[in-house]
């Protein structure tokens, strides 16, 4: 299927590896010119070199709003504009209500909520003017079923989902869609580290019977950016092999 993305321009945050890289790779293979960012120059240069086409590597730390906004603006300058924005960042430290001090919430909100707001503020107005845009945020299943020991992530990611839903309704008439993807277990380096190299235990928790590949996730993200997905907006979509068990 031709996704109709040839010639589009995308900014993909935190894309030196894992799901961020998988999304950048899927878009590049569809003819999108991609700008990617990471905190380490060597690592992001290596990632960009592995992408199809003329990818742009930028050093940026999206863990705070200023760095996130800077990435979106630098990407637009390097590409001549941004048609597709993929927001992404790591998660805050683990903890419970009892173990997490009040001062820990600010950095968590910067990382997983305000950084997304900042990137959208930098990229979405120009999308609205052009009459086309795609925002895809990588969030977490924690939005649907909060994880134990992850009170900071649960709180921040639920907040960003509310922001994205509100934004989607405000910009829909301008040809801009805003959606989020909620990853389950995918065979990233991070998941392998958590399970000691073997993903058998992780696969046992997935109804599909296997851990998804990063490429599986990237393909879904690329579709949401396509012309075919123009009527999908304001959605928060699990990509999890059936792991989420709720009805809504």
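The values are calculated or read from the model by the stated rules, or taken from the named source; none is laboratory data. If you're wondering where the values come from, they're calculated on a predicted model, not measured in any experiment. In this analysis, Cβ positions are derived from the backbone assuming ideal geometry, glycine residues included, and neighbour counts consider all displayed protein chains.
The number of residues in the stretch 31-50 being over 14 Å from residue 79 (Cβ atoms) and out of contact with any helix residue (DSSP H, G or I) (no Cβ under 6 Å at 6 or more places or on another chain) comes to 10.
Checked against the criteria, residue 19 counts as within 12 Å of the chain's Cα centre (by Cα) and over 11 Å from residue 59 (Cα atoms). Restricting 212, 242, 246, 184 to those that are surrounded by 18 or more Cβ atoms within 10 Å (Cβ to Cβ), modelled with pLDDT of 80 or more, out of contact with any helix residue (DSSP H, G or I) (no Cβ under 8 Å at 6 or more places or on another chain) and more than 27 Å from residue 170 (Cβ to Cβ) reduces the list to 212.
Would you say residue 53 is in contact with a helix residue (DSSP H, G or I) (Cβ under 7 Å, 6 or more places away or on another chain) and either surrounded by 16 or more Cβ atoms within 10 Å (Cβ to Cβ) or in a loop (DSSP other than H, G, I, E, B) (or both)?
yes
Quick check on residue 235: is it farther than 25 Å from residue 33 by Cβ and at pLDDT below 95? Criteria not met by residue 235. For residue 217, the conditions (1) closer than 25 Å to residue 172 by Cβ; (2) surrounded by fewer than 19 Cβ atoms within 10 Å (Cβ to Cβ); (3) touching a strand residue (DSSP E or B) at 6+ places or on another chain (Cβ under 8 Å) all hold with the exception of (2). Please verify whether residue 13 is buried (at least 24 other Cβ atoms within 10 Å of the Cβ) and at negative phi, treating the condition exactly as stated. So residue 13 fits the description; yes. Only one of (1) touching a helix residue (DSSP H, G or I) at 6+ places or on another chain (Cβ under 6 Å); (2) modelled with pLDDT of 90 or more; (3) over 30 Å from residue 105 (Cβ atoms) fails for residue 173. Which number is that? Every condition holds for residue 173 apart from (1). Taking the stretch 60-164 and the helices (runs of 4 or more DSSP H) fully enclosed by it, the elements with 2 or more residues that are within 15 Å of residue 9 (Cα to Cα) and either in contact with a strand residue (DSSP E or B) (Cβ under 6 Å, 6 or more places away or on another chain) or free of Cβ contacts under 8 Å to residues at least 40 places away in the same chain (or both) are at 65-79, 115-130. No other residue among 165, 192 is surrounded by fewer than 20 Cβ atoms within 10 Å (Cβ to Cβ) and under 20 Å from residue 90 (Cβ atoms) apart from 192.
Residues that are more than 16 Å from residue 242 (Cα to Cα) and in contact with a helix residue (DSSP H, G or I) (Cβ under 9 Å, 6 or more places away or on another chain) within the stretch 193-209 comprise 194, 195, 198, 199, listed in sequence order.
Whether any residue in the stretch 183-206 is touching a residue at least 40 places away in the same chain (Cβ under 8 Å), part of a loop (DSSP other than H, G, I, E, B) and under 17 Å from residue 85 (Cβ atoms) is what I want to check.
First, pick out the residues of the stretch 183-206 that are touching a residue at least 40 places away in the same chain (Cβ under 8 Å): 183-186, 188-190.
This time we only want the ones that are part of a loop (DSSP other than H, G, I, E, B), so: 184-185, 188.
Those left that are additionally under 17 Å from residue 85 (Cβ atoms): none.
No, there is no match, as no residue in the stretch 183-206 is touching a residue at least 40 places away in the same chain (Cβ under 8 Å), part of a loop (DSSP other than H, G, I, E, B) and under 17 Å from residue 85 (Cβ atoms).
Scanning the stretch 22-41 for residues that are under 10 Å from residue 58 (Cα atoms) and part of a loop (DSSP other than H, G, I, E, B) yields 39, 40.
Comparison of 223, 231 shows that the only residue that is within 19 Å of residue 172 (Cα to Cα) and outside any helix (DSSP H, G or I) is 231.
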